[in-house]
1. Could you please put Ile106, Ile14 in sequence from largest to smallest accessible area, using a 1.4 Å probe?
2. Within the set Lys68/Lys101; Lys37/Lys68; Lys37/Lys119, which residue pairs have Cα atoms separated by over 31 Å?
3. In whole percent, and with a 1.4 Å probe on the protein chains, what portion of the accessible area of the chain is carbon and sulfur?
4. Length gain on complete extension for the stretch Ile106 to Gln49, per 0.36 nm per residue less the alpha carbon to alpha carbon distance?
5. For the chain, what does the accessible surface come to per residue with a 1.4 Å probe? Please give it in Å².
6. Please give the length that would be gained between Asp66 and Ser39 if that part of the chain were fully extended, namely 0.36 nm times their separation in residues minus their C-alpha to C-alpha distance (nm, one decimal).
7. Of all chymotrypsin sites (Phe, Trp or Tyr not before Pro) in the stretch 7-73, which ones are in loop regions per DSSP and have a Cβ with at most 16 other Cβ atoms within 10 Å?
8. Just tell me which aspartates and glutamates come within less than 14 Å, Cα to Cα, of Lys48; anything on the same chain fewer than 8 places away is out.
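The values are calculated or read from the model by the stated rules, or taken from the named source; none is laboratory data. No experiment lies behind these values; they were computed from the predicted model shown. Cβ atoms come from the backbone with ideal geometry, glycine included; neighbour counts cover every protein chain shown. All accessible areas refer to the heavy atoms of the entire protein, side chains included, with ligands and DNA or RNA removed. Shrake-Rupley method; radii C 1.70, N 1.55, O 1.52, S 1.80 Å.
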Amino acid sequence: MKTTESAEMYLETILLLQEKHPQVRSIDIVHQTGYSKPSVSRAVGLLKQRSLIDVDFGGYISLTADGKALAAKVLERHRIITDFLIDLGVSPEIAAEDACKMEHIISDEVFNRMKERLK
């Protein structure tokens with residue numbers, strides 16, 4: 001199943017929020033991303049439709065197994081690409097910013113080579 005960059009960003013944000021807080025709600029995503037409440041609400045609805053997240057009656061969001069796997073993949077890419085760029089001499093701020101863009105478009109082959117090179 002192909003996912004959009006936007007869906008991947010939301011899933012990654014949810015995973016990062018869950019690492020800090022036991023429960024995540026849409027408003028937490030609004031605060032973390034700076035996106036509007038309607039935008040986050042729409043994205044949450046789409047992620048729920050695709051069975052990547054569950055939302056309980058209290059509005060608490062949890063990643064499904066598929067959602068968590070995809071979020072973990074994106075987050076790993078972000079961290080590895082950031083480290084790779086820093087290793088090249090790029091400032092940590094620019095490395096993190098560029099990694100955020102690259103994590104969605106880089107091929108598995110290139111990513112795996114980066115990962116191997118960092119070891």
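1. Result of the area sort, largest leading: Ile106, Ile14.
2. Pairs exceeding 31 Å: Lys37/Lys119.
3. Carbon and sulfur together cover 54 percent of it.
4. Separation in residues times 0.36 nm, less the Cα-Cα distance, equals 17.9 nm.
5. 62 Å²
6. Gain in length upon complete extension: 7.5 nm.
7. Phe57
8. Hits, sequence-local ones excluded: Glu8, Asp56, Asp66.
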